[in-house]
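For reference, the structure discussed in these notes is given below.
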There are 2 protein chains.
Amino acid sequence: MRILYHLPLSPFCRKLRLALREKSLDFELRVERVWERRPEFLALNPAGQVPVLVEEGGRPLADSSAIAEYLEETYPDRRLLGRSAVERAETRRLVAWFDQKFHAEVTLNLLFEKVNKRFYGLGNPDSAAIRMGKQFISGHLDYIADLSERRRWLAGDEFSLADMAAAAHLSCIDYLGDVPWDAHPRAKDWYVRVKSRPSFRPLLGDHVAGMPPPPHYADLDF
Amino acid sequence: MRILYHLPLSPFCRKLRLALREKSLDFELRVERVWERRPEFLALNPAGQVPVLVEEGGRPLADSSAIAEYLEETYPDRRLLGRSAVERAETRRLVAWFDQKFHAEVTLNLLFEKVNKRFYGLGNPDSAAIRMGKQFISGHLDYIADLSERRRWLAGDEFSLADMAAAAHLSCIDYLGDVPWDAHPRAKDWYVRVKSRPSFRPLLGDHVAGMPPPPHYADLDF
């Protein structure tokens, strides 16, 4: 069986969980407490990060973009990036937008401060960082609204890896209750559509010990 | 003519300058002072970052990985990622290693502190960050040494995008004179080989006003 080493609140792992299910590929999830730096895990990925995917009898694959491209090349029946080279470039630009820009401006300021710091023993959240994260998220929600009004989904007509990357980050922030949905009804419309996809259901069942999500987190009609 | 909007000391732009030349694709370089946030440039890339590639009569393409993948798909004669899906996953893993891990641990601590902060008007370099960057670089040079002894190039038998990403970052740090080559002779052997490639020559001619490189920077026999 294919194995995905992951953490429930890692947006990069969530993006791949969505991609694997959209491609109808079975996999087993294994939680990897990366902060323990297990030698057996470092042998799979010297960067010490999740996600890592191991195909049955295959070499371990690391880095969420490298894994997503591998899945797209190996299992092309359900395409997640688009048809033409230009369409794929647009999907990848938006994946990078969320995995880098949203990550630096929002995810690190909110999720890292409130969750990861605790596991790494790095002390209390920095309130200035949390304020920054809450300021930056609005611009990203506006961008999602603009894209999803011009197009059916963020990168074009199809539900693509761009939507998965965006939803992966936002769903982690939503687990913290920090997405101002009511102030962003157009972005919310897009997220309602994402949330109702069967591939998204397992993410709504995630539960981190000692840190329950807010009641609306798993609610499809929030 | 194909246009690449760039900055001379951006490792992400340098990676693409190498890729374009390795693929024998002509292009015109345009320096974009991203900190000025020109509206015409923001229309090409709302993220406001270089590199941006515009093919003759084509849509603007943004994000260095999205552009590299586009080039690989559109001009496949000289492959930069590898042949099989697993080989390509390994190349992409290493590109991410340098574009993310090396970038966060070394490039941001040295290049951003010493160069970008000045352009952005963000004050003086933080000496603690510079110390961190100088500490972290050694582990990366060891990793390059290990990989280039097990393989001909970093990702395998061919000079690939992994070598280009690594050399792009290191060449920017070398412009500052901050690569401890003498303590890392095996990594230096690899860099000597990279430096002697025709695709690398234009990078050695880069010159940032008021900030000359050290004498060894452009020296092939340093």
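The values are calculated or read from the model by the stated rules, or taken from the named source; none is laboratory data. In this text the structure is predicted, and so the values were computed from the model without any measurement. No Cβ is skipped: glycine too gets one built from the backbone with ideal geometry, and neighbour counts run over all protein chains shown.
Odds and ends about this structure:
- Considering residues of the stretch B:181-218 that are of a type in the set (Phe, Trp, Tyr) and in contact with a Lys or Arg (Cβ under 9 Å, 6 or more places away or on another chain) only, the residue farthest from B:Leu7 (Cα to Cα): B:Trp181
- Qualifying residue in the stretch A:198-214 (condition: of a type outside the set (Val, Ile, Thr), assigned to a helix (DSSP H, G or I) and at pLDDT below 95): no
- When each of A:Val192, A:Val179 is tested for being in contact (Cβ under 8 Å) with a residue 24 or more places away in the chain and part of a helix (DSSP H, G or I), the lone residue that passes is A:Val192.
- Selection within the stretch B:5-29 - more than 15 Å from B:Ser199 (Cα to Cα), under 14 Å from the mean Cα position of the chain (by Cα) and without any contact (Cβ under 8 Å) to a residue 60 or more places away in the chain: B:His6, B:Leu7
- Of residues in the stretch A:108-167 being away from every other protein chain (no Cβ under 14 Å), of a type in the set (Val, Ile, Thr) and under 20 Å from A:Phe12 (Cα atoms), the one surrounded by the most Cβ atoms within 10 Å (Cβ to Cβ): A:Ile137
- The stretch A:1-16, subset touching a strand residue (DSSP E or B) at 6+ places or on another chain (Cβ under 8 Å) and in a loop (DSSP other than H, G, I, E, B), residue nearest to A:Leu71 (Cα to Cα): A:Arg2
- Tally, over the stretch A:131-187, of residues that are farther than 26 Å from A:Glu69 by Cβ and aliphatic (A, V, I, L, M): 8
- Among all positions in the stretch B:43-56, there is no residue which is at pLDDT below 95 and at the interface with chain A (Cβ under 9 Å from one of its Cβ atoms).
- Of all residues in the stretch A:77-93, those that are among the hydroxyl-bearing types (Ser, Thr, Tyr) and facing chain B (nearest Cβ under 7 Å) total 0.
- Residue match in the stretch B:50-64 (condition: under 18 Å from the mean Cα position of the chain (by Cα), surrounded by fewer than 23 Cβ atoms within 10 Å (Cβ to Cβ) and not in a strand (DSSP E or B)): no
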